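Read-outs throughout are calculated quantities, based only on the coordinates presented, and are distinct from any laboratory measurement. The shown structure was predicted, so the numbers you read here are calculated from the model rather than taken from an experiment. Here Cβ is always computed from backbone atoms with ideal geometry, including for glycine, and neighbour counts include all displayed protein chains.
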Amino acid sequence: MANPSSSCPILCASFNQDASCFVIGTREGFKVFDSNTGKLFYERAIGAFIVVEMLFSSSLLAIVGAGEQRSLSPRRLCLFNTTTGTPLRELNFLTSILAVRMNRKRLIVVLQDKTYVYDLNTVKILDSIDTVPNPKGLCAFSPNLDGCFLALPASSTKGSVLLYNVMELQSHCEIDAHRAPLATIVLSSNGTYIATASEQGTIIRVHLVSDATKSYSFRRGTYTSTIFSLSFGPSMQLPDILVATSSSGSLHVFSLGFALNQRSRKSSSILGSIIPDSFTDALDPAHHHVLHSAVTAGVKSNAVIRHVDKVADASTTGIVSCKATISIITYNGYLQEYSFSLNQRNEPSWTLEHEFNLLSVISDDTSSS
């Protein structure tokens with residue numbers, strides 16, 4: 001969630017569950033875009049919004065006002081139909097709504113001290129979760145119904161994560177990921193892996209959700225930096241890569257596929273049997289690739305991996321080349337699309353394919369505004 005007092009024109013930004021579309025909220029209203037083309041699908045200029053979430057490629061949006069207009073209270077959630085241009089249902093809360101997540105069965109509403117789980121179709125409340133103070137509305141949600149987990153902070157003083165199964169309506173486990181409080185969390189689309197960063201921002205950790213075991217530790221850098229976003233690749237198995245954006249303006253790519261292949265080779269060596277994997281992963285720069293000054297330093301950004309193509313070598317067990325499409329929304333009003341390639345020698349290359357000014361795009365459908 002964006003800070004409404006920020007000088008940036010975008011107050012919130014999010015991709016839908018398959019990253020085919022994205023939405024932004026501004027002080028004027030909200031807009032829906034196509035991720036592939038940057039085309040503006042829909043816009044509504046009725047005031048400031050701090051939460052706008054889209055359900056896949058449907059006409060359903062969950063929207064929350066910023067409170068700058070009396071009719072747009074930050075305590076009111078509106079389920080909005082973009083086809084008819086009308087509200088479907090409204091839910092009111094005692095305190096401000098900090099985050100909203102959806103899939104085809106569940107609606108999640110995050111407040112500072114409590115999180116609510118609803119049946120999306122009936123909008124009937126199914127459970128309420130008492131949480132530690134969560135003023136940033138930190139949460140992660142896996143939209144896949146077979147591994148449908150919700151991740152929330154479990155501590156205010158350290159980086160612990162509560163994992164909750166929203167289909168079974170019960171807690172799954174708690175993971176102690178960092179010594180410092182959490183700054184960013186993300187689940188893979190199938191709910192198999194969770195990646196976390198603390199307020200220190202120096203280490204990115206990846207855990208296997210099923211048994212809460214640590215799979216990877218990647219060092220982002222030596223100096224403290226705010227991690228604005230984390231995103232797994234779209235693979236339904238082990239995600240090939242994980243990306244992060246930070247306050248330094250850099251775009252970071254961590255190659256999980258290459259790390260797995262190299263780790264399997266290392267474990268058969270004498271050195272590999274002595275040095276723990278988590279230690280070597282954190283210090284080994286071979287799996288970490290950085291594009292410096294990808295976005296403006298200090299400006300909040302939200303990145304996703306939209307596509308990953310890979311070529312396997314029959315003579316090895318690992319990926320020999322990988323190409324990914326990475327889209328970044330910057331809160332100063334731009335969409336950037338990068339092509340990232342990793343060859344068989346683990347050498348990266350970057351290309352800025354497209355850049356759009358999201359605030360100057362005009363919709364073809366003039367009736368939507």
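Treat the count of other C-beta atoms within 10 Å as a stand-in for reagent exposure and order LYS105, LYS31, LYS300 from fewest to most. All intermediate terms of the calculation are to be shown ahead of the outcome.
On the way: LYS105 15, LYS31 26, LYS300 23.
Ranking LYS105, LYS31, LYS300 by Cβ neighbours within 10 Å, fewest first, gives LYS105, LYS300, LYS31.
If you stretched the chain out fully between THR296 and THR95, how much longer would it get, using 0.36 nm times the residue separation minus the C-alpha to C-alpha distance? Please list the in-between numbers first.
Numbers: separation 201, 0.36 × 201 = 72.36 nm, distance 3.32 nm.
Working it through step by step, the gained length comes to 69.0 nm.
Dividing the helix sum by the residues of the chain, where each DSSP H run of 4 or more adds -39500 (n - 2.57), gives a mean residue ellipticity at 222 nm of -1500 deg cm²/dmol. Here the contact order of the chain, divided by its residue count and restricted to Cα pairs under 8 Å and six or more residues apart, works out to 10 percent.
Annotation: peptides 355-362, 248-255, ranked by per-residue average of other Cβ atoms within 10 Å with the highest first, follow the order 248-255, 355-362. This ranking places SER96, SER142, SER349 by how few other beta-carbon atoms lie within 10 Å of each, fewest first, which gives SER349, SER96, SER142.
With 10 angstrom as the radius, rank MET102, MET167 by how many other C-beta atoms surround their C-beta, starting from the fewest.
Working: MET102 24, MET167 15.
Result, fewest neighbours first: MET167, MET102.
Taking the Cα atoms only, what angle lies between the long axis of helix 256-266 and the longest principal axis of the chain, rounded to 10 degrees? Computed tilt is about 20 degrees. Neighbours of GLN17, meaning other residues whose beta-carbon lies under 11 angstrom from its beta-carbon, give a summed charge of 0 when Lys and Arg score +1 and Asp and Glu score -1. If the limit is 22 Å between Cα atoms, which of LYS136/LYS300; LYS114/LYS158; LYS31/LYS105; LYS136/LYS158; LYS105/LYS214 go over it? Distance filter (> 22 Å) returns LYS31/LYS105; LYS105/LYS214.
Using the Cβ of SER35 as centre and a radius below 12 Å, the other residues enclosed give a net charge of -1, where K and R count +1 and D and E count -1.
Taking the charge dipole of the chain about its Cα centre, with +1 at Lys and Arg Cβ atoms and -1 at Asp and Glu Cβ atoms, the residue from LEU11, LEU55, ASN302 reaching farthest to the positive side is LEU11.
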